[in-house]
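J.: First the structure, then my questions, so here it is.
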Amino acid sequence: MRGLAEEFNESTNAIRKELNNLCEAGYLERQTIQNRIAYRANTKHPLFASLQNIVHKYLGLDTIVSRVLDRMGDVQQVVLTGDYAAGRDTGTVEVIIVGQTLNETYLEQLASKIYETIGRRVRFTLLGTPLKKGLVLYQNIR
């Protein structure tokens, strides 16, 4: 809560009230872990997908996914990991691309083009097997 208070230049009490309001409206779920309260998005809320799309567009994630799928080859999965997956905007987006016979040369060029478009650095990692962690931005269901 302190981090949010500093980021938004608000008091922790004001942040707590807003988090409580978002819980009451059903946008967030609250869970008590030891002496701390953890909040997370309510993925069952009817507006979750719409809000997620807005956040993806703001962060430029839709641009990343569309460009990756454009010329990368047989992409099975695109997964957001690291700080952005945890909800922290640190300026570097970590993306894991899963697939066979991927175009690595294109990927090297893509990182600089995406930086020019969305103003955030992107670090790509290629894997051969699907991930079970991170925020899945794209999954090819076969």
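The values are calculated or read from the model by the stated rules, or taken from the named source; none is laboratory data. Remember, it's a predicted structure, so these values are computed and weren't measured experimentally. Positions of Cβ are backbone-derived with ideal geometry, glycine not excepted, and every protein chain shown enters the neighbour counts.
J.: Restricting attention to region 71-106, report how many residues are among the acidic types (D, E) and without any contact (Cβ under 8 Å) to a residue 24 or more places away in the chain.
T.: The number of residues fulfilling the criteria is 2.
J.: Identify, by number, the condition in (1) surrounded by 14 or more Cβ atoms within 10 Å (Cβ to Cβ); (2) at pLDDT 90 or above that Y27 doesn't meet.
T.: So Y27 meets the others, but not (2).
J.: Might you let me know whether region 112-122 holds any residue that is modelled with pLDDT of 85 or more and over 19 Å from the mean Cα position of the chain (by Cα)?
T.: Within region 112-122, not a single residue is modelled with pLDDT of 85 or more and over 19 Å from the mean Cα position of the chain (by Cα).
J.: Only one of E10, E18, E6, E29 is farther than 28 Å from N140 by Cα and part of a loop (DSSP other than H, G, I, E, B). Can you tell me which?
T.: That would be E10, the only listed residue that is farther than 28 Å from N140 by Cα and part of a loop (DSSP other than H, G, I, E, B).
J.: To continue, here is another question. So which helices (runs of 4 or more DSSP H) stay within region 33-85 end to end and still have 2 or more residues that are at pLDDT below 80, under 21 Å from L19 (Cα atoms) and not small (G, A, S)?
T.: Fully inside region 33-85 and qualifying: 48-59.
J.: Condition test on A14, is it among the small types (G, A, S), surrounded by 15 or more Cβ atoms within 10 Å (Cβ to Cβ) and touching a helix residue (DSSP H, G or I) at 6+ places or on another chain (Cβ under 8 Å)?
T.: When the stated conditions are applied, A14 does not pass them.
J.: Taking region 52-94 as the region of interest, how many residues are hydroxyl-bearing (S, T, Y) and exposed (fewer than 12 other Cβ atoms within 10 Å of the Cβ)?
T.: 2
J.: Can you tell me which condition R88 does not meet? The list is (1) more than 20 Å from L131 (Cβ to Cβ); (2) in a loop (DSSP other than H, G, I, E, B), and all the others hold.
T.: Condition (1) is where R88 drops out.
J.: Please specify each residue of region 95-108 satisfying the condition of being surrounded by fewer than 12 Cβ atoms within 10 Å (Cβ to Cβ) and either modelled with pLDDT under 80 or touching a Leu at 6+ places or on another chain (Cβ under 6 Å) (or both).
T.: Passing the criteria: only E108.
J.: Then there is this: Test of understanding: among R36, R2, which residue is of a type outside the set (G, A, S) and over 23 Å from the mean Cα position of the chain (by Cα)?
T.: Only one candidate qualifies: R36.
J.: Considering region 124-142 alone, what residues qualify as being in a strand (DSSP E or B) and under 10 Å from L80 (Cα atoms)?
T.: F124, L135, V136, L137, Y138 - these are the residues of region 124-142 that are in a strand (DSSP E or B) and under 10 Å from L80 (Cα atoms).
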